[in-house]
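**Q** Take a look at the following structure, please.
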């Protein structure tokens, strides 16, 4: 996949809750910045593979519970890096409370490559941008320009009637959303296309679905819009949008491809 470099302003708006939570962890719970960046990257990777709103749920917990989640996250990272503590149990009771399917520390042995790449991706492409105080202060200053305020205040919302995007020549990856399905319940391309075109006007350019083996069903895909502005409409200020299409659940969030 090609690389994508979203504007820091876009990332700041999209990950505002994560940044606020990060500040709480540093300022109120006395956590070390470098360690928490890694834990946040791990949790973002959890969300990207289908464990939706993981960070939002952790952030809603009391401080003592949050610290337990952090301890388990650090244990996962230690295991991922090959620093296994033989005296520690493999169980992850707090983490599993928010997981669609339970895991333990052995998960990071069996899936080390994909987990390592996923955590590194979110660390480099998200955490080291949105958690950089100096960069975010500069972005916030720049976004106070009147032209930026006009764009942000509109929120991308439709005002009556079907919305039809203008021709958009931005790269395909910047017009895409990552979509996931409930395990065992994929949704057909045509049904996804029809649903979004009916709901938002003729906005879909193409729908790509994971190529699963004969014994497995696809669990994720990519939805490409004709215009990048459709993403703001679909998310409507949220990080993840959930839809029910012919009785099956679909989750959509911003698409961040891996670097080559």
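**Q** List, please: which pairs have Cβ atoms under 6 Å, are six or more places apart or on different chains, and start with a residue in region 89-104 that is in the same structural domain as residue 54 (by TED's automatic domain parsing) and end with one that is crowded, with 18+ Cβ neighbours inside 10 Å and not in a helix (DSSP H, G or I)?
**A** 90/105; 99/51; 100/51; 104/92
**Q** If I filter region 190-201 for residues that are within 21 Å of the chain's Cα centre (by Cα) and on the phi > 0 side of the Ramachandran plot, do I get at least one hit?
**A** no
**Q** Evaluate region 176-199: report whether one residue or more is farther than 25 Å from residue 101 by Cα and assigned to a strand (DSSP E or B).
**A** yes
**Q** Something else: Within region 188-223, how many residues turn out to be more than 19 Å from residue 254 (Cα to Cα) and at pLDDT 90 or above?
**A** Number satisfying all stated conditions: 4.
**Q** If you don't mind, there's one more thing I want to ask. Find the residue count for region 110-122, including only residues that are free of Cβ contacts under 8 Å to residues at least 60 places away in the same chain and surrounded by 14 or more Cβ atoms within 10 Å (Cβ to Cβ). Don't jump to the end; show me each part of the working.
**A** In the first step, residues of region 110-122 are kept if they are free of Cβ contacts under 8 Å to residues at least 60 places away in the same chain; the result is 110-114, 116.
Pick out the ones that are also surrounded by 14 or more Cβ atoms within 10 Å (Cβ to Cβ) and you get 111-112, 116.
Of the residues in region 110-122, 3 are free of Cβ contacts under 8 Å to residues at least 60 places away in the same chain and surrounded by 14 or more Cβ atoms within 10 Å (Cβ to Cβ).
**Q** Just checking, does region 77-86 include any residue being over 25 Å from residue 15 (Cβ atoms), assigned to a loop (DSSP other than H, G, I, E, B) and in contact (Cβ under 8 Å) with a residue 12 or more places away in the chain?
**A** yes
The values are calculated or read from the model by the stated rules, or taken from the named source; none is laboratory data. Predicted, not measured: the structure shown is a model, and the values here were computed from it. Using ideal geometry, Cβ is built from the backbone for each residue, glycine included, and neighbour counts are taken over all protein chains shown.
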